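Everything on this sheet refers to the single structure shown next.
The values are calculated or read from the model by the stated rules, or taken from the named source; none is laboratory data. Please read all numbers here as calculations on a predicted model, not as lab measurements. Here the Cβ positions follow ideal geometry from the backbone for every residue, glycine too, while neighbour counts run over all protein chains shown.
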Amino acid sequence: MPAEWESLDLSSIDLLPKSYLTIRHPRMRRVLRIQATICAAAREHLSSLGFVELLPPIIGPVTDPGIRGAKQATVDFYGREYKVMSSAILYKQMAIAALGKVYFLSPNIRLEPPDSAKTGRHLVEFVQLDVEQANASYFDAMELAEGIIAHVVKRVLEEHEEDLKELGRELKEPRRPFKKITHKEAVDTLREHGFEASYQAEIPWEGEKLLSELFEDPFFIHDYPKEARGFYDLEDPERPGVLRDFDMLYPEGYGEGASGAEREHRAERVIARMKATGENPANYGWYIELLKAGVPPSAGFGIGVERLTRYICGLKTVWEARPYPKVAGVYSP
Ligand code: AMP
Ligand code: MG
């Protein structure tokens, strides 16, 4: 290893075009080994609970539209347009109809806005641990997500004491149960800290960071307003305008780590929600047909693997938690 490497700052965006070299950096090698343990531990936990791992789709006629200002990538499919998965959520609903408890490690592409390169938490290519369970509530889903995080951290602590020490990370087993606050409580807290968040919208990145700095363990924000999320999060029948959904945030300023929900699976409601959010149901051919054929109610979530790795390893940026990282606007391997 070249001597000057010792002082390299791997969080520098200027190094991304040289990722074919920085992947060999001792810090990077430690992170990648820990990441392998993270994936193995998540699989171990889900498999012990009877979840079936499926191979993820990469392309398809439609993908998740609810991607906060990012653009979808497309490929030419014999003269027709296919989308590259921005999230495989619609395919999870297809799969639970067959198998009940499923997950995949799903590669996603989102052409995030150029600004996102500055957040240190947005990649253009990333992987979600994408989990779905039939006949489950969003509280079941939160418990499952918490169980995965706890098991993964335990395994990493068991197997990577030296790596964590060398990375300068003091990782603790998170205290359980993780705290749960509603979206309204989250907005109240932000306003108390002088941050003007809206009760009717998604919490902006900077707000999530601020909230996350107030906590020492991962925590949940649940019950987002209808305006904040896509057509597949279920609106609470008892509380119109409130969704049965959640985010999991990491503490220490790391911000959002997962999003999940109970699903709206009734075709006519999904069509109405699509229209209300400016989506054309005609573009969702197979998905609407699937819902009309009938799928069980379900709940699930997606945990970003690179963001989880960033939190566990205590890294400044998410691109230090990924081999060959792609970041908005940066042309790199
Ligand atoms: P979303 O459906 O947008 O909530 O994405 C689910 C999870 O995937 C998030 O909670 C993140 O952990 C991860 N994720 C989403 N977008 C990105 C991105 N651009 N870069 C890295 N991870 C992401
Ligand atoms: Mg999210």
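Couple of notes before you dig in:
- Selection of first residues in the stretch 249-267 that are without any contact (Cβ under 8 Å) to a residue 40 or more places away in the chain and within 18 Å of G230 (Cα to Cα) and of second residues that are within 15 Å of ligand 1 (Cβ to nearest atom) and of a type in the set (D, E, K, R), restricted to Cβ pairs under 7 Å at least 6 apart or on distinct chains, gives the following pairs, ordered by first then second residue: E264/D233.
- Looking only at the stretch 65-86, and only at residues there that are on the phi > 0 side of the Ramachandran plot and within 16 Å of ligand 2 (Cβ to nearest atom), the one that is surrounded by the fewest Cβ atoms within 10 Å (Cβ to Cβ): G69
- In the stretch 174-270, counting only strands (runs of 3 or more DSSP E) that sit wholly within it, the ones holding 2 or more residues that are of a type outside the set (A, V, I, L, M) and within 16 Å of ligand 2 (Cβ to nearest atom) span 219-222, 245-250, 255-262.
- Residues (crowded, with 19+ Cβ neighbours inside 10 Å, of a type in the set (V, I, T) and either within 14 Å of ligand 2 (Cβ to nearest atom) or over 11 Å from the mean Cα position of the chain (by Cα) (or both)) located in the stretch 111-130: V124
- Reported count of residues in the stretch 33-52, each being loosely packed, with under 15 Cβ neighbours inside 10 Å and under 19 Å from the mean Cα position of the chain (by Cα), is 2.
- Exclusive hit being in a loop (DSSP other than H, G, I, E, B) and surrounded by 18 or more Cβ atoms within 10 Å (Cβ to Cβ), set P325, P333, P296: P325
- Residue satisfying all of: in the stretch 237-260; more than 10 Å from ligand 1 (Cβ to nearest atom) and in contact with a Leu (Cβ under 7 Å, 6 or more places away or on another chain); nearest to Y103 (Cα to Cα) among these: R244
- Considering only residues in the stretch 94-105 that are touching a residue at least 24 places away in the same chain (Cβ under 8 Å) and out of contact with any Leu (no Cβ under 8 Å at 6 or more places or on another chain), the one that is surrounded by the fewest Cβ atoms within 10 Å (Cβ to Cβ) turns out to be G100.
- Matching option when the condition is crowded, with 22+ Cβ neighbours inside 10 Å and in contact (Cβ under 8 Å) with a residue 24 or more places away in the chain, among H183, H151: H183
Condition check ((1) over 23 Å from M94 (Cα atoms); (2) in contact (Cβ under 8 Å) with a residue 60 or more places away in the chain; (3) of a type in the set (D, E)) across all residues:
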{"position": "I221", "(1), (2), (3)": "yes, no, no"}
{"position": "K226", "(1), (2), (3)": "yes, no, no"}
{"position": "R239", "(1), (2), (3)": "yes, no, no"}
{"position": "D245", "(1), (2), (3)": "no, yes, yes"}
{"position": "A276", "(1), (2), (3)": "yes, no, no"}
{"position": "N280", "(1), (2), (3)": "no, no, no"}
{"position": "G285", "(1), (2), (3)": "no, yes, no"}
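- Boolean, P251 is within 18 Å of the chain's Cα centre (by Cα) and at pLDDT 95 or above: yes
- Within the stretch 17-32, the residues that satisfy the criterion of being in contact (Cβ under 8 Å) with a residue 24 or more places away in the chain, among the aliphatic types (A, V, I, L, M) and surrounded by fewer than 19 Cβ atoms within 10 Å (Cβ to Cβ) are I23, L32.
- Note on the stretch 271-303: among residues that are within 16 Å of ligand 2 (Cβ to nearest atom) and of a type in the set (V, I, T), the one that is nearest to the chain's Cα centre (by Cα) is I303.
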